[in-house]
Structures are given as structure tokens and as C-alpha cells.
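Where a number appears in this text, it was derived from the coordinates with a stated rule and is not lab data. Keep in mind the model is a prediction, meaning the values are calculated, not measured. When we count neighbours, we look across all protein chains shown, and the Cβ atoms used for this are built from the backbone with ideal geometry, even at glycine.
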Amino acid sequence: MLPEGDDMHVDSGIRRVFFLSVLVLLGVGIVTLLARALSAHATVGKVRVREVPIAFTPYEVAISPDGATVALLQARHMTKFSSTVQFTDVASGVSRGDLPLPVVSDNASFNYFQTSKQLRYCDGGKYLLIFDFYDKLYAVDTRTSTIRASWNLRSVLGDPTGSEEFGMDCAGQSSLVALRLDSQQNSSVRLIDLEKKDVVVDLTKSFNEEAGYTVAISPDGTHVALQFSGVDCHPDGSEMDRSKVAIQVVDTQGGGSVTLCFPNPDFPTPPWDNQFAKLAIRFAGNDGLLMGKVLSGAGGEGWVQEPFPRLRTVEYMDLRAGVPAKTLAIPGLQTYRFFGSSADGNEVFSYTGEEKFCSGCNDGHGEMRVKEARFTIWNPRTGKILVQSAALPVPHQGCPFITLGSCEAYDQLPYLEMSQGGHAVLAFGAGGASGCQTNGNCGSMRVYSW
């Protein structure tokens with residue numbers, strides 16, 4: 001038998017070994033957590049940033065496929081409504097010229113609720129498609145900076161019966177444009193050809209349901225996709241399947257259609273969201289499709305006023321492979337709001353941000369605060385991260401100390417758009433509420449390239 005003192009010595013040694021083991025395990029855990037945090041937030045790839053000066057606060061912006069030019073749409077509404085497009089060279093920051101659009105009379109009726117961008121580069125950058133807020137659609141030839149053609153939407157889609165939902169998307173490598181009108185009395189989907197300056201195909205009867213929520217056209221113009229409710233995903237098609245989102249893809253050349261069923265990212269639907277999931281869809285090349293959430297909860301300018309029910313992700317589906325959708329996301333970060341693809345489908349980008357709900361903000365009404373915002377670019381087929389930006393500027397738009405009426409503070413995320421060439425991302429942040437006229441704060445515009 002060992003003496004009592006020796007027994008105490010052994011016991012102390014065991015305790016030291018135990019505590020050392022605990023410290024080692026804690027150290028490994030901390031290192032692992034740091035490694036995960038760094039891997040989720042580290043800049044990937046050599047990203048160059050160029051500031052592009054702006055002299056006014058544009059209503060919308062768009063980046064050319066090669067990333068060399070930014071188009072800015074300026075709108076003025078006084079006694080008459082006028083719009084101007086300015087083309088700015090990214091490298092020099094110098095304007096390449098302005099193109100005024102025809103003036104709209106003040107008594108013109110506003111009949112369309114826009115559900116897509118009003119400014120888009122089409123057909124490899126040959127054309128810039130513009131919706132004038134009222135009833136006109138313009139195709140600008142970017143090679144001559146002249147209006148090539150214009151259409152009255154009533155003559156293309158039919159007469160609206162109030163404020164209807166209108167959406168458009170143009171092909172990245174074709175002259176075709178898909179137009180969608182969602183109306184209880186007059187829903188339609190049609191294609192116009194920018195080269196032929198005419199309506200070429202009526203696809204309304206090719207879809208199982210009327211109109212749909214969002215529209216997308218493949219880069220070569222051979223397929224058009226619409227997102228619907230989940231009726232087509234129910235086993236017998238007799239009722240709504242709220243756990244699913246249906247996307248129907250139609251061959252524009254008469255080759256039939258296919259219905260894809262994606263999981264509904266908002267199921268079970270939280271009380272503050274729409275009754276049915278309204279998502280954004282984008283083609284990723286001619287054979288891939290992206291689906292994701294643009295906004296969540298209240299707030300029409302891109303901020304969120306309710307806590308997330310779950311992390312947002314972007315789903316990618318290879319249409320030819322017929323395999324389940326691949327999730328593009330970074331653990332712990334929201335992946336939604338802004339996303340898209342290069343025309344060839346080799347690069348897919350999305351906003352990725354760390355967002356926290358502040359229940360005490362906005363006088364106790366709550367506010368979603370953006371702790372960190374970036375953009376991430378993936379290879380959609382492998383899920384590998386190709387590029388991840390450094391943290392993007394996110395100014396906080398607060399309320400004045402003395403406020404007359406209601407005011408909601410929010411973090412103003414920049415609008416993000418990737419060029420069709422897949423090697424540049426435009427980040428535009430609008431100025432403050434008072435704008436350029438009073439304090440010269442026209443916002444900021446940056447182009448990231450690699």
C-alpha cells in the first residue's frame with residue numbers, strides 16, 4: 001500500500017492531466033470555431049475595386065456584359081415625367097453620353113406594378129431594355145446610343161384592368177425578350193424580338209396556370225420559366241401544396257414543357273409573409289436554373305422587419321442532369337436578396353450576409369440589422385466558392401431626432417448585379433433621403449472585378 005502522501009501526489013497528477021486535457025480540447029474547439037469563421041468570412045480570390053462617380057441618384061442601374069460600362073436611369077417627375085439614360089465608363093469614370101427618353105404627360109395613367117428590373121442589358125450587350133414606369137418599353141441600341149424600337153405594353157400584353165403585375169427578362173445571348181402580365185382578367189406571356197422589332201410568340205396557353213409570379217428566359221432564348229403556386233406539385237393536383245414551389249419551363253420553339261418542384265423556403269409560411277411563396281428565378285446558362293428569395297417580411301426597400309424563420313439559400317438545378325437541386329449557401333449567413341448568373345452558367349453569384357434581428361430597434365417595432373454584407377461567387381455544378389468579396393459598405397439610415405409622422409430606420413444594403421460575362425459585380429448604394437439636391441449625397445457606386 002502506498003503511503004498517504006504518495007496517494008495524494010498521484011491524485012494531484014491526475015487532476016493536472018485532466019485539466020490540461022480540458023484546456024487542450026477548449027483550445028482545439030476555439031481554433032476550429034475561428035477557422036470556420038474565417039473560412040465563412042474571408043476574402044476569396046484577388047478582387048479589384050473601382051469607385052465610379054455619380055452626379056445624380058439614379059432610379060436603376062445596370063452593368064454591361066463585359067463590365068466596362070454602367071447604365072444609369074434617371075427619372076424626373078414634375079409637371080411631366082421624363083427619363084434619361086446615362087452611360088458611364090467604369091475605367092475612367094467619365095460619362096459616355098446621355099440619352100433622353102420621350103417625355104410622358106403628367107396625366108398618363110400608371111397601370112403596372114413592376115416586379116422586375118426596369119433596366120437590362122440584352123443580347124450580349126447590343127441592346128439596353130428600358131421600361132418607362134408607365135406603358136412604354138424601349139430597346140436602345142448601345143452601339144449607336146439610339147432608340148431602336150419601342151412598344152406600348154397595352155398593344156403587346158393587352159389592356160390592364162387596374163394596377164397589374166408586369167415582369168420582363170431578356171436573353172443574354174439572343175434578341176428575345178419575355179414579357180409577363182399577371183391580371184385576373186387578362187394574363188399573358190409573350191416574346192418580342194429586338195432585331196425584328198415585333199411580337200413573335202404568344203406563350204400564354206403553354207403554361208398550366210395563368211401568368212405566374214416571376215419570369216425568366218434562357219440566354220439563348222429557347223426556354224422561358226415561370227414560378228407558380230404549388231398546385232402542380234400536389235400528388236393529384238387538386239389542391240395547393242404549400243410545401244412546394246412549382247416552376248414550369250416551356251420550350252419557346254414548341255418542344256413541350258417540364259414542371260419542377262422546389263421545396264418552399266417559407267414553409268410553414270410565417271404570418272408576416274405572403275400567403276404563397278413568391279420567389280425570384282434566374283437561368284444559369286441554358287441548362288441551369290436558380291431559385292431564391294428576394295425579400296423576406298415587410299419593408300419594400302430591401303430591409304427586413306421580422307426575424308428569419310430559417311437561413312435563406314439559393315437553389316441551383318441542372319435541367320439536363322435531372323438531379324436534385326444543389327444548395328448554394330455559407331453556414332451562418334443569409335444567401336438571398338440579389339443573385340444571378342453569368343450567361344454561360346459557369347459562375348453564380350449571390351449576396352451573403354450576417355443579419356441579426358434587433359427587437360428593440362425602431363421604437364420597439366423591430367428591425368433587421370446587417371452585421372456584415374458581402375457577395376459570393378460559386379461554381380454552381382461543384383458548389384466551390386470562386387470569389388468572395390471583402391465586407392461591403394452598409395450605411396444605416398436612421399430617423400431624425402425630431403420626426404413628423406412615421407419613420408423606420410434601416411440598414412441600406414447596396415444593390416448587387418453581376419455582369420453577364422461573369423467577371424464583374426456592380427454594387428450601388430442610393431444616397432440619403434434628402435438626396436443630391438440638398439447635401440450632394442448621390443450615393444455610391446463600385447465595380448468589383450477579378
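So the values come out like this:
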| quantity | calculated |
| --- | --- |
| Distance (nanometres) between label positions extended 7 Å along Cα→Cβ at Ser257 and Val199 | 1.8 nm |
| Contour minus Cα-Cα distance for Asn346 and Thr84 (0.36 nm per residue) | 90.9 nm |
| Label-point separation, Ser155 to Arg76 (7 Å along Cα→Cβ), nm | 2.8 nm |
| Chain lengthening between Asp363 and Asp66 when straightened (0.36 nm per residue, less Cα-Cα) | 102.4 nm |
| Amide N of region 117-132 lying under 18 Å from the label point, which is placed 7 angstrom from the Cα of Thr144 along Cα→Cβ | 122-123, 125-130 |
| Interchain or long-range residues, amide H under 5 Å from Gly366's placed H | Cys361 |
| Nonlocal amide H pairs with Glu165, under 5 Å, H built at 1.01 Å | Phe113, Asp182 |
